[in-house]
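All remarks here apply to the structure that follows.
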């Protein structure tokens, strides 16, 4: 993995209705790596991801893309993706691939949905819908893929599978940025973890660096130490 | 999968759509750019046009003499039939009527007769004579000679020409000025319509009174001869009596056939019985009176074997109808007075031929039980007659009129005939205050398109059709039509129907003619199964200058004398308003009201529709309606008791 | 992929969505039934093209906007609620292209729903001949299929304008319930409200006589009605004019269209 920063945010702030949701956040992701945003509910993870994806404009600061030129530079999957009913998984992907380029079949293969390709999206399970969402986020091979909580609400098996797909993406050179509650999987798959609480980055680093910084030996203690609030974080894979 | 993906990515759908869009745009552009008003239709043979025409009798007479009446053909934008008019005055008068556009739409093309090159001239009595038949010219390109000496039977005529030169030439010989269509079509045209007939009714009544008065004196003649005393037989008495005297026939039955060939009065309560063949009493002299007698034993031949015509156009009718056996036959004799005579006849009661000024008063005719076995109670051939206070039971027709213009029939009763009064080629006649019951065909029928007849104040019930007023400019007013299958079969044109009460009929009034030209106002439609019906043709508007009719069942808020909501007797919902509950609710639905709006605004388009845009809030003759309702079963006697009906 | 292809994709998706929806076919059937019902109740079907147009005009004035709203009122709302709009922001599809694609797709569906029944009716009318006793001459009058085509075209234009309005509503509404409420309000304003204002103004005198035909163009319903009167019902007559200023009416309709499309694009572009 090279050291290129593909996407970086400098001092991003975002206010909404007088409330400051993000406070002077700086962050960058490198190509071919997985960056995980970890934090309790309401910490601003979704907002930060949307700002980085270019869907939301920050009230202060800039987001810069340094990656290669592409038709689609940043792919995005929202929390709990929902698709227009009445279409099969393959047809849904075909819609997106027609907008840029790509082959729906191989995208389905990549996320492991090949056998569900002719199933209507209404008939997909939550996990499969999540996988389809990830597939959508990778349509057009964007250099950056942003996924909002790709694992939440899934059973541990599906969650594992999801993260493995994410890791594969990264190994193919995509910069993946995701948010999660699952500290274990984050530690296992992420190259970089950013701890976020109440709109600000508390700490950034590799999993090992974080354990060292907080002088913790387990992830559980890391969480209790790092965050002031003791809510909404999941250590052993249970939903908060 | 390839399906949708192919749609997403292939060029073909996009190109197809584009091609379709281009095609659509081209078609639409074509539709907008095409001049919708371009194709101007060509004139059609006049017989094929639906015409406002003159009385048949008039036209036949003119054709016989080689005379010509200018014709008009109008092609309307919203009316499929080609409309023809005989006489420009008639055309212009109709085009000027206020509701005309609403019923027919705008005229697309108007053609008028072209008299250029026909050697047109005006005869002594003012008709147009031609050497060859006129062609057609478009009205806006024609030249019109206005106010010349030419006329038709109804008005001064305007004569059209396709060239100014021909028009000028005609005008220089026969007077008048040459004008264009725009002047002519807004000209003040004097043309008699049915309101003129309304004015004539009192004149006709007065004329009947005068004619009656004129023969009254015949009953005052001195008695000269008494049968049985001064002469053995009635005929002997007639032969012996001096002119202008009275022959008295004492009671008894006299088996004779009589010929009265001098002015005499025959009076008595006797019965003259014929031998069952031929006519019993034949009057050939003017100023003969027959009073009080009964006549029986009349022959059963309705036609004479040796009859022939005199070369006129109505010979066929004359021969078939005009030589029936009769109780009394008046031939070429005027001012004959038949009073209080009773006739039992298998054929005709009284036959009048070419008699003027005759009066029939208090006649009682007993005809056959089956109408088709009998003939006419009073049969008038070219004889204007006054018939009053008489009753006609059975037989075929009560009174049959052929070219008997200015006849007056009043205060008489007709029961169980085929037709009570049967008009053929007869105009300017008044039928007033009669009662008709149980005719198999109709109470009064007017056939063969005569003009200016008036049916006033008659009471017709229990017939198949109450009145069938044909012809033009017929005035139908103040009649009571109750419990008939159809009250009025309105086949007439340019006629006026007012103040009639239509009560309890199967169909109150049926509009028959294809061209709506009648005025129907202030009639009361009550308790009919269907108030009114119409055949094919454009919308009929039965409102005259803001005055409509009274319809039981119509509703709305009162606005002056009218209701503020129009009423259509042919609308499926509205026609049931007086019979079914719940129809008001349905009629008030937005859909129904919207349809009503559409209906009353667009011209000439609806099959068999009638609308009254200002229905009357009150009935015209409420006491009459009450009287009918209360006397439902009583009036089989047919006696006219005006006191009961409180008109 | 070019924006042109993106628009095609969006158009196709809308069409396929509707083609797979039973409600859409119900809508077409509804339009057809109402049209046929009105024609036979009013008697215009037997009388010709122009009488049929007369019969259809009033119900269509209400029906067409209703159909347009039914087709368009939650187009953008649904996509927004589902997060689709957010996702699409990551694709090279500018907001105007999205609006164009979505609108065009629904517009084609509207076309089918309106033109389909009208075309069937037109076909039926072409087989009709008026009742005619054999001996009497008839002529076609001013009735011609071209006039019915004009009526169909004007109806479609009216539908497209109201569809644009409905789509604008869907872009501004933030929930499905809001969308339907806004749509009904917009519909009422378009169909009745403006005319009521004009009626009041004309009645109380602050609209001068000469201004009326121009101001009528401000109401899409009146512009439609006026154009139908002017170009279909009274097409051939020089004397029968003044039902509408055709130029102003056309411009009025176009302005409504442009405005509502602009509002839609703005609504889609704004950051949430």
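The values are calculated or read from the model by the stated rules, or taken from the named source; none is laboratory data. In this text, all values refer to a predicted model and were calculated from it rather than measured experimentally. Cβ placement follows ideal geometry from the backbone for every residue including glycine, while neighbour counts extend to all protein chains displayed.
Are there strands (runs of 3 or more DSSP E) fully within the stretch A:1-118 with at least 3 residues that are more than 14 Å from chain B (Cβ to nearest Cβ) and surrounded by fewer than 21 Cβ atoms within 10 Å (Cβ to Cβ)? List them.
A:5-16, A:19-30, A:60-65
Any residue in the stretch A:75-82 that is touching a residue at least 24 places away in the same chain (Cβ under 8 Å) and on the phi > 0 side of the Ramachandran plot?
Yes, because at least one residue in the stretch A:75-82 is touching a residue at least 24 places away in the same chain (Cβ under 8 Å) and on the phi > 0 side of the Ramachandran plot.
From the list B:207, B:186, exactly one residue is under 27 Å from residue B:493 (Cα atoms), at pLDDT 90 or above, surrounded by fewer than 20 Cβ atoms within 10 Å (Cβ to Cβ) and not assigned by TED's automatic domain parsing to the domain that holds residue B:360. Which is it?
Going through B:207, B:186 in turn, the sole match is B:207.
Condition first: surrounded by fewer than 24 Cβ atoms within 10 Å (Cβ to Cβ), touching a strand residue (DSSP E or B) at 6+ places or on another chain (Cβ under 8 Å) and either under 20 Å from residue B:197 (Cβ atoms) or not assigned by TED's automatic domain parsing to the domain that holds residue B:205 (or both). Can you find one or more residues in the stretch B:433-442 that meet it?
So far as the stretch B:433-442 goes, yes, one or more of its residues are surrounded by fewer than 24 Cβ atoms within 10 Å (Cβ to Cβ), touching a strand residue (DSSP E or B) at 6+ places or on another chain (Cβ under 8 Å) and either under 20 Å from residue B:197 (Cβ atoms) or not assigned by TED's automatic domain parsing to the domain that holds residue B:205 (or both).
If you check residue B:383 against the conditions, is it in contact (Cβ under 8 Å) with a residue 24 or more places away in the chain, surrounded by 24 or more Cβ atoms within 10 Å (Cβ to Cβ), out of contact with any helix residue (DSSP H, G or I) (no Cβ under 8 Å at 6 or more places or on another chain) and farther than 21 Å from residue B:465 by Cβ?
yes
Test residue A:182 against the criterion of being in contact with a strand residue (DSSP E or B) (Cβ under 8 Å, 6 or more places away or on another chain), within 14 Å of chain C (Cβ to nearest Cβ) and buried (at least 24 other Cβ atoms within 10 Å of the Cβ), and give yes or no.
No, not satisfied.
Give me a count of the residues in the stretch B:354-378 that are surrounded by fewer than 19 Cβ atoms within 10 Å (Cβ to Cβ) and closer than 17 Å to residue B:423 by Cα.
Summing the residues that are surrounded by fewer than 19 Cβ atoms within 10 Å (Cβ to Cβ) and closer than 17 Å to residue B:423 by Cα in the stretch B:354-378 gives 1.
Go through C:85, C:56, C:63 for me and flag whichever is free of Cβ contacts under 8 Å to residues at least 40 places away in the same chain and not in a loop (DSSP other than H, G, I, E, B).
Just one listed residue meets the conditions, C:63.
Looking for whichever is modelled with pLDDT of 90 or more and under 22 Å from residue B:502 (Cβ atoms) here; the options are B:396, B:415. Which one fits?
Testing whether each residue is modelled with pLDDT of 90 or more and under 22 Å from residue B:502 (Cβ atoms) leaves just B:415.
Quick one: would you say residue A:177 is closer than 21 Å to residue A:108 by Cβ, touching a residue at least 12 places away in the same chain (Cβ under 8 Å) and crowded, with 19+ Cβ neighbours inside 10 Å?
no
Can you tell which of C:29, C:41, C:6 is free of Cβ contacts under 8 Å to residues at least 40 places away in the same chain, out of contact with any strand residue (DSSP E or B) (no Cβ under 9 Å at 6 or more places or on another chain) and within 8 Å of another protein chain (Cβ to nearest Cβ)?
C:41
With the requirement that a residue be surrounded by fewer than 22 Cβ atoms within 10 Å (Cβ to Cβ) and on the phi < 0 side of the Ramachandran plot, what does the stretch B:544-560 give you?
Selection gives B:544, B:547, B:552, B:555, B:557, B:558, B:559.
Looking at (1) at pLDDT 90 or above; (2) touching a helix residue (DSSP H, G or I) at 6+ places or on another chain (Cβ under 7 Å), find the lone condition where residue C:72 falls short.
Residue C:72 satisfies all of (1) at pLDDT 90 or above; (2) touching a helix residue (DSSP H, G or I) at 6+ places or on another chain (Cβ under 7 Å) except (1).
With the structure loaded, tell me whether residue C:255 is surrounded by 17 or more Cβ atoms within 10 Å (Cβ to Cβ) and either within 14 Å of chain B (Cβ to nearest Cβ) or modelled with pLDDT of 85 or more (or both) or whether it fails that test.
no
State which residue pairs qualify: first residue on the phi > 0 side of the Ramachandran plot and inside the stretch B:235-257, second residue assigned to a loop (DSSP other than H, G, I, E, B) in any location, beta carbons under 9 Å apart, and separation of 6 or more residues or different chains.
What qualifies is B:244/B:221; B:244/B:222; B:244/B:262; B:244/B:263; B:244/B:287; B:252/B:228; B:252/B:268; B:252/B:270.
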